[in-house]
Amino acid sequence: MLLAELYKLSQLGAEKPLSFWLPEYNRIRTTAATQLQKIFSQLHETKAKQKIKKLIDLLSQENPNEFELTESLMALVEIVEKEKPSAKLSNLEKKFIQTTKDFSKLAKLKKVFAEKNEKLINSLSKEQRDQYDLRLLQNEGMMYCLEYYLVLYKALTETPDPKNKKKIFENQEINIDSADLPGLWVDFNGLEVLEKIIYPILDDELKEKLAVAYFEARNKILKIKTGETFTYQDCSLEEAIENLKKLIIIFFEAFRTKGIEKLSSRLLTPYGKQPRISDIKL
Amino acid sequence: MSDLEKLEIKEREKESEPKEALTQSLNLEKIDEGIICDELIRPTTEEETGEYSELIKEKKEGLNTARESYVKKYTTLVLARENKAYAEELFTLTEALKKSRAEYLEAKKTYAEILVAAKKSELVRLKKSPEEIQSALAEFLCQNIFQELVIAEEKILQEKQAAEYPPKEKGVLRKLYDRWDSLSTVKKVLITSILTTGIALTNSALAHPQAGLEAAGFLLFFSKTVVVNLGQELTSGLFGLGVEKILTKKIEKSLKEETEQLEANISLENLEKLSEKYHALLEKKAQRGQMAFLASAVTMVATGRAFSFGLNILSEQTLFKNVAAALAPSFESATDIIEKTTEFEGVTKRASSLLKKVFNIFKGTHIDDLDNN
């Protein structure tokens with residue numbers, strides 16, 4: 001079934017950027033393109049036919065433009081939504097619609113920052129670019145990402161009651177250190193750190209490294225929720241905590257690579273005042 | 001306003017621009033959109049005609065290849081650990097193993113998807129109602145996918161891993177346990193009874209293979225030579241506690257219940273998770289089985305009141321040559337169990353003599369017989 005094939009694509013795309021799952025994409029795309037060709041041959045000279053043609057063209061490529069691919073899939077979503085009232089949608093159709101929208105959101109975010117970063121890279125010298133990344137990590141990276149994750153990680157490890165640990169993942173907001181911080185599921189679902197810190201980084205190598213670690217942790221942590229309920233079926237509480245820890249370790253490495261050795265402790269002080277990163281034992 | 005929001009507004013504006021007059025093409029547009037919607041969910045020709053054999057074959061081969069690769073990486077890692085490789089090398093091998101395991105699970109899922117799609121196609125072809133299809137697929141998932149891809153597949157994987165174990169890695173205890181585990185529950189309990197009571201183990205029974213299930217079962221468990229040498233001593237000297245008999249029943253019951261629970265939750269989406277859970281269940285069973293076996297072994301080498309002597313020998317790893325360090329936790333647990341179920345007062349002469357006999361047999365060439373199996 002064509003929809004099942006396309007759903008596989010959008011499901012993977014909703015989880016991580018296309019470059020991370022190209023081998024899977026190339027395994028799926030041929031079957032999907034062949035089936036789309038059969039539909040194409042039945043259509044009239046309409047806009048709908050053009051949309052199918054566009055999708056076939058994209059699926060014929062081994063490494064297509066991700067944003068265009070999501071646009072093309074979104075065109076199919078629009079057709080399905082127009083043709084069928086939501087009550088009549090099958091589960092697969094609903095899942096396809098939702099994951100394609102998520103895929104599209106992720107691809108748009110990447111595109112926006114790719115364009116913005118390109119302009120900056122072209123207008124800045126190497127030294128200025130390094131300074132830009134350093135400031136980004138020292139300010140947003142430190143407060144909104146590293147120290148935020150560390151505060152919650154410390155709370156997770158020091159709270160003995162699993163119910164309270166779960167609250168740190170599940171709640172919209174958690175009050176720690178006199179600050180109302182977003183819960184971890186909300187944070188990862190909203191792609192906050194990706195948008196605020198990782199994608200704005202100009203150093204491609206560093207960005208790639210952080211993005212890989214981020215998506216690995218995010219995809220695992222988001223699995224604590226099934227549908228509307230936190231079930232911890234596909235990711236246990238321990239696994240979720242472990243994944244957060246791994247991500248923090250990668251952030252530690254990134255900060256130290258850029259010469260940042262201490263936490264700023266401007267707002268959050270999970271491990272005391274300005275401790276050295278190397279002294280923090282997770 | 002975030003950059004993302006700006007982009008979305010720009011796109012909405014683009015969409016609201018005056019569009020071309022649709023007039024005549026309007027109906028065609030509608031027709032085409034209808035076709036697209038129908039075709040998106042139409043089973044493919046292959047699905048309709050049930051011509052899945054090639055795909056099934058291909059995916060099955062993919063699964064076999066992924067399994068082989070995983071087992072190979074597993075063996076490499078075990079060997080590296082055995083040879084005390086550097087931490088960096090172990091880390092790289094562990095990561096490679098994790099990746100290979102993920103690929104293996106993915107191959108299993110892909111194969112399952114094809115099997116389910118083929119089944120669905122068959123049901124559609126038979127013009128079953130949506131409700132009938134749903135119910136038949138649920139049954140198919142439990143009876144076929146779970147049995148074939150969770151239970152049987154895990155068995156294949158474990159057998160391959162065991163076969164690829166470096167010789168030193170697989171202790172005699174594990175070999176004995178594996179052999180014990182392949183027997184039916186009836187035989188296991190029967191053997192346990194023999195081990196723990198000494199009943200029915202006479203030289204006469206051993207001389208006549210048809211003498212009974214007891215003798216046959218026991219022969220499977222230990223090599224014939226061991227049995228012949230032990231027979232008389234056991235018959236006259238042992239009064240076991242039935243420790244393993246109780247444990248065996250408990251382990252089998254627990255595994256059955258837990259497996260049934262997994263089966264009840266089978267779906268294509270959680271196939272990977274269930275495979276991992278079943279794998280963990282078997283590991284748990286193996287550990288508990290080793291405990292049970294140890295309990296039995298100790299019961300065998302000593303009378304009911306001579307446990308500490310037996311345990312000392314076990315802990316020095318002289319009785320069971322090649323007992324891997326990995327077995328230590330289960331050994332500790334086993335000793336706990338035994339200690340809880342017995343009272344220590346001293347070593348009888350009879351037990352001491354028996355112990356020496358058993359010790360010599362295990363220490364001798366018979367161990368090599370076991371290694372070769």
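Annotations
- Neighbours by Cβ (under 7 Å, 6+ apart or cross-chain): first from the range B:20-33, modelled with pLDDT under 50; second of a type outside the set (Ser, Thr, Tyr): B:Leu22/B:Glu29
- All positions within the range B:125-143 that are of a type outside the set (Gly, Ala, Ser) and either under 15 Å from B:Asn265 (Cβ atoms) or not in a loop (DSSP other than H, G, I, E, B) (or both): B:Arg125, B:Pro130, B:Glu131, B:Glu132, B:Ile133, B:Gln134, B:Leu137, B:Glu139, B:Phe140, B:Leu141, B:Cys142, B:Gln143
- Matching residues, the range A:20-60, being in contact (Cβ under 8 Å) with a residue 24 or more places away in the chain and under 28 Å from A:Ala217 (Cβ atoms): A:Phe20, A:Leu22, A:Asn26, A:Arg29
The rows are residues; the columns are (1) under 18 Å from A:Leu22 (Cα atoms); (2) modelled with pLDDT under 95; (3) within 20 Å of the chain's Cα centre (by Cα).
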residue	(1), (2), (3)
A:Glu62	yes, yes, no
A:Ala75	no, no, no
A:Val80	no, yes, no
A:Ser90	no, yes, no
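- Some residue of the range A:72-84 being more than 10 Å from every other protein chain (Cβ to nearest Cβ) and touching a residue at least 60 places away in the same chain (Cβ under 8 Å): yes
- Hey, B:Ala85 at pLDDT 80 or above, surrounded by 13 or more Cβ atoms within 10 Å (Cβ to Cβ), among the aliphatic types (A, V, I, L, M) and not in a helix (DSSP H, G or I) or not: yes
- Taking the range A:85-100 as the range and being under 20 Å from A:Ala48 (Cβ atoms), in a helix (DSSP H, G or I) and free of Cβ contacts under 8 Å to residues at least 60 places away in the same chain as the test, the residues that pass are A:Lys88, A:Ile97.
- Some residue of the range A:255-264 being within 20 Å of the chain's Cα centre (by Cα) and either touching a residue at least 40 places away in the same chain (Cβ under 8 Å) or not assigned by TED's automatic domain parsing to the domain that holds A:Lys154 (or both): no
- One residue from A:Ile168, A:Ile201, A:Ile197, A:Ile176 being surrounded by 15 or more Cβ atoms within 10 Å (Cβ to Cβ), of a type in the set (A, V, I, L, M) and over 24 Å from the mean Cα position of the chain (by Cα): A:Ile176
- The one condition in (1) within 11 Å of chain B (Cβ to nearest Cβ); (2) at pLDDT below 95 that A:Arg135 fails to fulfil: (1)
- The combined condition, being surrounded by 14 or more Cβ atoms within 10 Å (Cβ to Cβ), within 11 Å of chain B (Cβ to nearest Cβ) and among the acidic types (Asp, Glu), is not fulfilled by A:Glu45.
- Taking the criterion of being of a type outside the set (D, E, K, R) and in contact (Cβ under 8 Å) with a residue 40 or more places away in the chain, the residues of the range A:159-175 that qualify are A:Pro162, A:Phe169.
- Checklist (1) closer than 30 Å to A:Val193 by Cβ; (2) within 10 Å of another protein chain (Cβ to nearest Cβ); (3) not in a helix (DSSP H, G or I) applied to A:Leu109, failing item: (3)
- Set A:Glu205, A:Glu195: member being in a helix (DSSP H, G or I) and free of Cβ contacts under 8 Å to residues at least 60 places away in the same chain: A:Glu205
The values are calculated or read from the model by the stated rules, or taken from the named source; none is laboratory data. What you see is a predicted model; the values in this text were computed from it and never measured. Ideal geometry is used to build each Cβ from the backbone, glycine not excepted, and the neighbour counts take in all protein chains shown.
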